[in-house]
Amino acid sequence: MLLQSLIAEFELEVNSTRKLLQAVPEKDLSFKPSPISWSMGDLALHIATIYYWYVGTLTQDVYDMAADNIERNDPGDISATLDLFEKNVELARNALQSLIEERLQDQWTMKVGDQTVLGPLPRSVVIRSFLFNHTYHHRGEMIVYLRASGNKVPGLYGPIYEESPPGK
């Protein structure tokens, strides 16, 4: 039952993430809201990459990011980032749909080489925090980037402010 709920949320939110990434204009990929921030292109690429992490998270009890060969592209090419996003979403979808309910309570750990950086935690907690909430956090950042650079933000959960009737 929990697994079916997670799959449904994944499918709903993938569409919102897609809309947001499609709103990123090529002309502003180098935009940074501050000197220490990622560029808009780097942030878009990071969002697309999170979906790749579903595979290691859902198929391995200990996921070593240092041992994984994560595909990345040039953050200055939003078309390539969108292609990578779609590829990673398909990998994520397959990993999520192959999971069984009982595996949601298995302990999961993320490492980078010898260093443990997350966990051990139940896999269901990791799905919600490291995968879902992590994506939502960076989507919020992207909305700020788009607004700060004068671009239109797509409505993810209904109409955006600019589409509201005056005075509402």
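What does the convex hull of the alpha-carbon atoms of segment 1-75 project to on average, in nm²? Could you put the intermediate results ahead of the total?
Numbers: hull surface 27.0 nm².
Computed as one quarter of the Cα hull surface, the answer is 6.7 nm².
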Open item on the list: I want to check the label-to-label distance for ASP42 and ASN15. Put each point 7 Å from Cα in the C-beta direction and report it in nm to one decimal.
Closed with: 3.3 nm
Open item on the list: Using only Cα atoms and rounding to the nearest 10 degrees, what angle (0 to 90) does helix 78-98 make with the longest principal axis of the chain?
Closed with: 30 degrees
Open item on the list: Under 5 Å between amide hydrogens, which residues at least 5 positions from ILE160 or on another chain qualify, with H placed 1.01 Å from N in the peptide plane?
Closed with: GLY155
Open item on the list: Given a Förster distance of 30 Å, report the FRET efficiency between ASP83 and THR116 from their Cβ-Cβ distance, rounded to the nearest 0.05.
Closed with: 0.35
Task: LEU118 long-range amide H proximity, modeled H, under 5 Å - done: MET110
TODO: In nm, give the distance between the simple-model label positions of ARG128 and ASN94, each being 7 Å from the Cα along the Cα-to-Cβ direction.
DONE: 2.9 nm
Open item on the list: Whole angstrom only: what separates the Cα centroid of segment 74-128 from the Cα centroid of segment 138-162?
Closed with: 25 Å
Task: Positive minus negative residues near LEU2 (Lys, Arg vs Asp, Glu; Cβ under 12 Å) - done: 0
Task: Estimated inter-spin distance, SER30 and ARG72, nm [label 7 Å along Cα→Cβ] - done: 1.9 nm
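I'd like the antiparallel share, as a percent to the nearest 5, of DSSP beta bridges with both residues in the chain. Write out the running numbers ahead of the final one.
Values: 5 of 8 bridges.
Here the antiparallel bridges make up roughly 60 percent for the chain.
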Open item on the list: Rounding to the nearest 10 and keeping the result within 0 to 90°, find how far the Cα-based axis of helix 134-148 lies from the longest principal axis of the chain.
Closed with: 10 degrees
Open item on the list: Show me the trypsin sites (Lys or Arg not before Pro) within segment 2-105 that DSSP assigns to loop and that have at most 15 other Cβ atoms within 10 Å of their Cβ.
Closed with: ARG72
Task: Length gained when the stretch SER149-ASP106 is fully extended (0.36 nm per residue, less Cα-Cα span) - done: 11.2 nm
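Where a number appears in this text, it was derived from the coordinates with a stated rule and is not lab data. Computed from a predicted structure; not experimentally measured. Heads up, the Cβs are rebuilt from the backbone with ideal geometry, glycines too, and the neighbour counts pull from every protein chain shown.
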